[in-house]
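Accompanying notes for the structure given below.
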Amino acid sequence: GLIEDYEALRSLPIQRLSAVETSGPGELIFIAQALYLSGLATAKPAALVVSEAIWPQVSALNLGYPVLRSHDAMLAFAKASAHFQVEPKPTGSRHPTAYVDPTATVHGTAALGPYAVVEEGAEIGPRAILHAGVKIGRGSKVGADSVLFAGVVVYHDVVIGERVRIHGNSVIGADGFGYVQERTPTGLRHVKIHHVGGVEIHDDVEIGASSTVDRGTLGNTVLGKNTILDNQVQVGHNAITEQGVVMCGGSGLAGSSYVEKFAFIGGYAAISNKVRVGTGALIAAMSCVSTSVPAGRRWGGNPAMDRMQFNKSWALIGRLPEIFAYVKAERKKQDGSS
């Protein structure tokens, strides 16, 4: 939030948020890092919000518009954005093409878009929104104030908490990847393991577009409170994330992996089967993690290792031609002296 009250500025006509360089009258801009101060040369906003860390630098510029000091301008921006979002909602409480099974329960304040489907025994909570083409499978539950965007498919026996957001074309509760090979007279046959578990998605989770969360083989796959998945993230059967885990685009959890509180997994990183990532650990983008990661550590690479160890190894890789030439020369000397 803001450090001061700024009561006198409450009547400022703020119409929208803007990027610094293109800002104009009626627009509010935010700067959290000194890196972006150069953009103020062309900025003409109604007001500027800056982080306290760069307040002295901004004050020295003597800008011709109000400057509001914040503990964290990025946090202030995130909170302000909620007041300016223009997310579309289905028209009316239930579109005429939506289908609700007679045994399903849809709260009177929930909204169903065109061709949304709610199967038998499913429950849709207060103020939940199912956009066009969303399917909620048998016995699944969607909590209050949750929003499922167009094309989301939720299989049977999935529990979705409150204030959950699932973006377009994501699939929740499909079978995990599980087969057993059986020898036959003609070769091998893949025998499918049918997954009879479910999925639990706790409150305040956000799942990006085209992501997949597989159901458990036995027991549930679990996304803990305030877990954030970027677009195209894969969560395998029986994987578990604790509170506040962040997974960037294209990353994946193999079956039965476990990610503790507030760990961060970079884009396209892969966490192997049954691996545990400790509390607050950070996994660099495009890493392949095949062994468990201690809490609070930074790992990266393929195979992933402690970041300091990885940096040292990478530095040595760059010197391999030099090292090889040195070893070759030393061997030549030894051969000549023998």
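Every number here is computed from the coordinates shown, using simple stated rules; none is lab data. Just so it is clear, the structure is predicted and the values come from calculations on it, not from any experiment. Heads up, the Cβs are rebuilt from the backbone with ideal geometry, glycines too, and the neighbour counts pull from every protein chain shown.
Before moving on, here are some points about what is shown:
- For the stretch 7-81, the share of alpha carbon pairs falling in successive 10 Å distance bins from zero is 21, 60, 19, 0 percent.
- Computed magnitude of the charge dipole of the stretch 100-193 (debye, nearest 20; Cβ of K, R +1, Cβ of D, E -1): 280 debye
- Relative to one another, the C-alpha centroids of the stretch 239-309 and the stretch 162-223 are positioned 19 Å apart.
- Each of MET308 and TYR99 was given a label point 7 Å from its Cα along the Cα-to-Cβ line. The distance between the two points is 6.1 nm.
- Contact order for the stretch 7-81, expressed relative to its length and based on alpha carbon pairs under 8 Å spaced 6+ residues apart, stands at 27 percent.
- Per-residue 3J(HN,Hα) values for the stretch 121-135, derived from phi via the Karplus relation 6.51 cos²θ - 1.76 cosθ + 1.60 with θ = phi - 60°, read x, 6, 10, 10, x, x, 6, 5, 10, 10, 6, 4, x, 6, 10 Hz in sequence order (x marks Gly and Pro).
- Among (i) 22.2; (ii) 21.2; (iii) 23.7, the entry derived from the coordinates for Kirkwood radius over Cα pairs in Å: (iii)
- Amide H contacts of MET305: GLY300, each under 5 Å away and 5 or more positions distant or on a separate chain (H built 1.01 Å from N in the peptide plane; Pro and chain starts excluded).
- Relative contact order for the chain, counting Cα pairs under 8 Å that sit 6 or more residues apart, in percent: 6 percent
- Taking the charge dipole of the chain about its Cα centre, with +1 at Lys and Arg Cβ atoms and -1 at Asp and Glu Cβ atoms, the residue from GLY318, LEU12, ALA295 reaching farthest to the positive side is GLY318.
- The mean of 1/r over all pairs of different alpha-carbon atoms in the stretch 39-193, once inverted, gives a Kirkwood hydrodynamic radius of 19.4 Å.
- Neighbour-count ranking [beta-carbon atoms within 10 angstrom, fewest first] of TRP299, TRP55, TRP314: TRP314, TRP55, TRP299
- Long-range amide H partners of ARG297 with built H, under 5 Å: ALA281, LEU282
- Calculated from backbone phi, Karplus (6.51, -1.76, 1.60) coupling profile of the stretch 41-52 in Hz, x at Gly/Pro: 4, 10, 6, 9, x, 6, 6, 10, 10, 10, 6, 4
- Summarising the amide proton neighbourhood of VAL100: residues at separation of 5 or more, or on other chains, whose placed amide H is nearer than 5 Å comprise VAL118.
- For the stretch 186-338, convex hull of alpha carbons as volume per residue, Å³: 172 Å³
- Placing +1 on the Cβ of every Lys and Arg and -1 on the Cβ of every Asp and Glu, with nothing else charged, gives the chain a dipole about its Cα centre of roughly 1120 debye.
- Of the residues ALA98, VAL58, ALA80, the one whose Cα sits farthest toward the positive end of the charge dipole of the chain, with +1 on the Cβ of Lys and Arg and -1 on the Cβ of Asp and Glu, is VAL58.
- Difference of contour (0.36 nm per residue) and Cα-Cα distance, ILE14 to VAL196: 60.3 nm
- Computed 3J(HN,Hα) for the stretch 175-184, one whole-Hz value per residue from the Karplus formula 6.51 cos²θ - 1.76 cosθ + 1.60 where θ = phi - 60°, is 4, x, 8, x, 9, 10, 7, 10, 6, 10, glycine and proline marked x.
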